[in-house]
Amino acid sequence: MLRLALFVLSAASLAFADKMSWVPCDAGLTAFSPSSVVLTPDPPVIGSPATFVISGDIGNELQGGSVDMTVSFSGLPIYSSSSDLCTKTTCPVPAGPISLTIVQLLPPIAPPGDYGLQVVARGPDGSELACVNVAFSLVLPSARSAAAAGQEAGAQVAVVDGAAGQEAGRKQRMGSRQVA
């Protein structure tokens, strides 16, 4: 019965996980105009890779630069990195549409909850070209598995006990182990 309760709580935690949202944080900058940010999977799962794709338009050809990321949890910065723009896309970057893909392995020790990500693109001289703030939630692997199982069952949660409950709990544990 405890396993069933954990299953229901895991499904509930995913149901209340916020979907990713984003806003530009560079009022007045015109070098890059973001048009979309896509996160896969949404919500991302602790211990698994998350892929952010930021798309938009560049006003002028760009010879190079950097992409700086800062991750925050409960409003506090917990991780930052900087990488060469030319490792994210081919340089020089021609004027026009562009998509930057950022793949990040989420540490297995990360707590579930609400996170923020700020991505800043800088030119070769360090000047800020673009800035995007992304808000997202991380969930436990068991929450993702529980939600998938709930969706397969028509999003209905039934109380079961005895052998059927033990079998459901075993399948849930097996499913959560398979998440890389």
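Out of P107, P111, P92, which single residue is in contact with a Leu (Cβ under 8 Å, 6 or more places away or on another chain), closer than 18 Å to P49 by Cα and in the same structural domain as P34 (by TED's automatic domain parsing)?
Just a single option satisfies the conditions, and that option is P111.
Only residues that are surrounded by fewer than 21 Cβ atoms within 10 Å (Cβ to Cβ) and under 16 Å from V103 (Cβ atoms) were counted in segment 33-45, giving 5.
Does any residue of segment 38-53 turn out to be within 14 Å of Q118 (Cβ to Cβ), in contact with a helix residue (DSSP H, G or I) (Cβ under 8 Å, 6 or more places away or on another chain), of a type in the set (A, V, I, L, M, F, W, C) and modelled with pLDDT under 95? No, segment 38-53 contains no residue that is within 14 Å of Q118 (Cβ to Cβ), in contact with a helix residue (DSSP H, G or I) (Cβ under 8 Å, 6 or more places away or on another chain), of a type in the set (A, V, I, L, M, F, W, C) and modelled with pLDDT under 95. Set side by side, the residues P111, P77 differ, and just one is touching a Phe, Trp or Tyr at 6+ places or on another chain (Cβ under 8 Å) and more than 19 Å from V37 (Cβ to Cβ), which is P111.
For beta carbons closer than 9 Å, sequence separation of 6+ or different chains, a first residue in segment 81-110 that is farther than 17 Å from L129 by Cβ and modelled with pLDDT of 90 or more and a second that is small (G, A, S) and outside any loop (DSSP other than H, G, I, E, B), the qualifying pairs are V103/A50; Q104/A50; Q104/S81; L105/A50; L106/A50. The residues in segment 61-80 that are closer than 19 Å to V132 by Cβ and in contact (Cβ under 8 Å) with a residue 24 or more places away in the chain can be counted, and the count is 11.
Summed over segment 79-116, residues that are exposed (fewer than 14 other Cβ atoms within 10 Å of the Cβ) and aliphatic (A, V, I, L, M) total 4.
Inspect segment 60-67 for any residue being surrounded by 17 or more Cβ atoms within 10 Å (Cβ to Cβ), more than 17 Å from L138 (Cα to Cα), aliphatic (A, V, I, L, M) and in contact with a Ser or Thr (Cβ under 8 Å, 6 or more places away or on another chain) and give the result as yes or no. Give the derivation first.
Let us first name the residues in segment 60-67 that are surrounded by 17 or more Cβ atoms within 10 Å (Cβ to Cβ), namely 62, 65-67.
Then keep just the ones that are more than 17 Å from L138 (Cα to Cα); that gives 62, 65-67.
Among the residues that remain, those that are also aliphatic (A, V, I, L, M) are: 62, 67.
From the residues that got through so far, the ones that are in contact with a Ser or Thr (Cβ under 8 Å, 6 or more places away or on another chain) too are 67.
Yes: one or more hits.
Kindly indicate whether V8 is at pLDDT below 95, under 13 Å from the mean Cα position of the chain (by Cα) and under 19 Å from L140 (Cα atoms). Let's see the steps before the verdict.
Working: at pLDDT below 95: yes; under 13 Å from the mean Cα position of the chain (by Cα): no; under 19 Å from L140 (Cα atoms): yes.
Here the answer is no, as V8 does not meet what is asked.
The values are calculated or read from the model by the stated rules, or taken from the named source; none is laboratory data. Keep in mind it's a predicted model, so treat the numbers as computed, not measured. Here Cβ is always computed from backbone atoms with ideal geometry, including for glycine, and neighbour counts include all displayed protein chains.
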